[in-house]
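Derivation of every value follows stated rules applied to the coordinates shown; laboratory data play no part. Since we're looking at a predicted model, the values are computed, not measured. In this analysis, Cβ positions are derived from the backbone assuming ideal geometry, glycine residues included, and neighbour counts consider all displayed protein chains.
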Amino acid sequence: MNVVFVEPNFPRNQREFVRALSQVGATVFAVGETPWEWLDDELQSWISHYYQVGSVTDVDQLRTAVQHFQSLAWIDGMEATIESHTLPAAVVREELGIPGTSVHTTWLCRDKPAMKEALRAAGVPTAASAAAHDLDDLRDFVDEHGYPVILKPRDGAGASGTVRVDSYAELRAAAESFGGVDSIAVEEFIEGHEGFYDTLSVDGRIALDFASHYYPGVLEAMRTRWISPEYISTNRVDEAPFYAELREMGERVNEVLGIHTSATHMEYFVSPKGLRFSEIGARPPGVGCWDLYAAGNDLDIYRAWADAIVHRHVWHVPSRAYAAGIVALRPDRDGRIVAIDGIDEIQQRYGEWVLDSHLPVGVDTQPVEAGYMANAWIRMRHPDYDVLREMLDDVGRTVQVRAE
């Protein structure tokens with residue numbers, strides 16, 4: 001099977017998708033922004049044909065690359081695993097007659113108001129939302145649903161560009177900050193616990209699934225320096241009754257949106273009104289999450305994905321042996337990281353449960369809103385979910401990242 005893979009080099013775990021495709025027998029045709037000679041020998045060994053472009057999100061450039069590949073061989077599939085790459089890849093797929101997730105499905109998974117409108121029409125419980133083009137549209141939404149509301153780019157990923165608004169003054173300021181955007185998504189704010197549900201589907205059937213929890217919610221985590229936020233993948237998916245309800249929602253969402261053979265990343269809330277859908281992407285989760293699933297379940301999740309793409313079957317069975325999680329460690333101020341205190345204590349207490357870490361000293365800090373892996377972090381696993389959460393909490397309290 002000949003598969004085009006979009007952007008094999010960045011971020012770092014992109015190479016794992018290429019590796020897995022090669023290992024399950026695919027011939028990999030890769031298109032990326034990095035010069036071929038800059039790719040390391042191992043990555044090059046998994047790629048049969050490579051085409052460099054200036055931007056993989058430029059449809060014209062991407063089309064040219066794939067047409068070149070089609071002049072060399074029949075192309076059976078084309079895959080993109082980064083949110084911003086999915087729609088250009090879908091457009092090129094359809095234009096050039098390559099099977100895969102449709103433009104319509106990809107668009108629904110990118111455009112939040114359209115996504116939620118389709119799901120509400122199918123009976124999936126979601127937050128009220130709308131597309132707003134100006135301040136009047138925003139005021140009309142608030143008049144109907146009240147404060148607080150959430151404003152976000154229609155095609156954003158995670159909490160990128162997302163703001164909470166609690167008053168008219170804040171609404172007007174937020175509208176001005178989105179001034180260069182033709183349309184934004186406005187949603188009612190849902191109070192409650194936030195998590196995510198990730199799947200790997202084959203021909204419309206969920207073959208693998210995983211559930212994770214945020215502490216605290218993403219919006220607060222990405223805006224508050226003193227918080228050491230966590231997300232934890234549970235190993236109780238097959239036990240607690242809540243996850244049966246979550247699975248049912250995930251299956252329904254995938255069905256309504258037309259997701260057939262693909263990874264998905266679905267965000268949800270548990271509010272006083274019950275389980276509520278938030279949003280979904282037709283791609284794997286980011287922030288190293290798949291690596292946590294692999295560590296917690298004794299499986300090569302990238303190879304499972306490649307088996308789904310190439311063989312339309314997943315043989316891997318998750319062990320659910322461990323809960324696995326990450327705690328983000330924020331510098332106490334912007335500047336340059338000069339020291340990280342408390343590492344020895346944590347190593348003595350929990351060393352056997354530490355998977356890996358990133359503890360840079362002597363480098364410039366990144367903004368808090370840059371995410372869980374922007375500065376320092378530690379990833380851990382443990383057979384007991386509650387014990388792991390306590391351990392990650394302790395790491396967040398003990399480890400201090402000093403900057404000046």
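Some values worked out for this structure:
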{"item": "Relative exposure of W353, W377, judged by other C-beta atoms within 10 Å (fewest first)", "result": "W353, W377"}
{"item": "Per DSSP, loop GluC sites (Glu not before Pro) in segment 203-295 with at most 15 further Cβ within 10 Å", "result": "E239"}
{"item": "Neighbourhood net charge (11 Å Cβ-Cβ; Lys/Arg +1, Asp/Glu -1) for G351", "result": "-2"}
{"item": "The chain: relative contact order in percent, alpha carbon pairs under 8 Å with at least 6 residues between", "result": "14 percent"}
{"item": "Trypsin sites (Lys or Arg not before Pro) within segment 270-327: DSSP coil, no more than 16 neighbouring Cβ in 10 Å", "result": "K273, R312"}
{"item": "Computed Kirkwood radius, in angstrom, where 1/r is averaged over Cα pairs of segment 193-403", "result": "17.9 Å"}
{"item": "Shape of segment 100-241, Cα gyration tensor, a/c cut at 1.5", "result": "oblate"}
{"item": "Charge context of A65, other residues only, Cβ under 12 angstrom, K/R +1, D/E -1", "result": "-3"}
{"item": "Volume per residue that the Cα convex hull of the chain spans, once the total is divided by residue count, Å³", "result": "150 Å³"}
{"item": "Per-residue Cβ neighbour rank within 10 angstrom, fewest leading, F242, F29", "result": "F242, F29"}
{"item": "Mean-position separation - Cα centroids, segment 95-149 and segment 216-247, in angstrom", "result": "23 Å"}
{"item": "Burial ordering of W290, W38, fewest other beta-carbon atoms within 10 Å first", "result": "W38, W290"}
{"item": "Whole-Å semi-axes of the ellipsoid equivalent to segment 266-357 (Cα gyration tensor, √5λ, descending)", "result": "31, 21, 15"}
{"item": "Chymotrypsin sites (Phe, Trp or Tyr not before Pro) within segment 51-122: DSSP coil, no more than 16 neighbouring Cβ in 10 Å", "result": "W74"}
{"item": "CD proxy at 222 nm, helix term only [per DSSP H run n ≥ 4: -39500 (n - 2.57); per residue of the chain; nearest 500]", "result": "-10500 deg cm²/dmol"}
{"item": "For V18, net neighbour charge (Lys/Arg +1, Asp/Glu -1) across residues whose Cβ lies under 14 Å away", "result": "-3"}
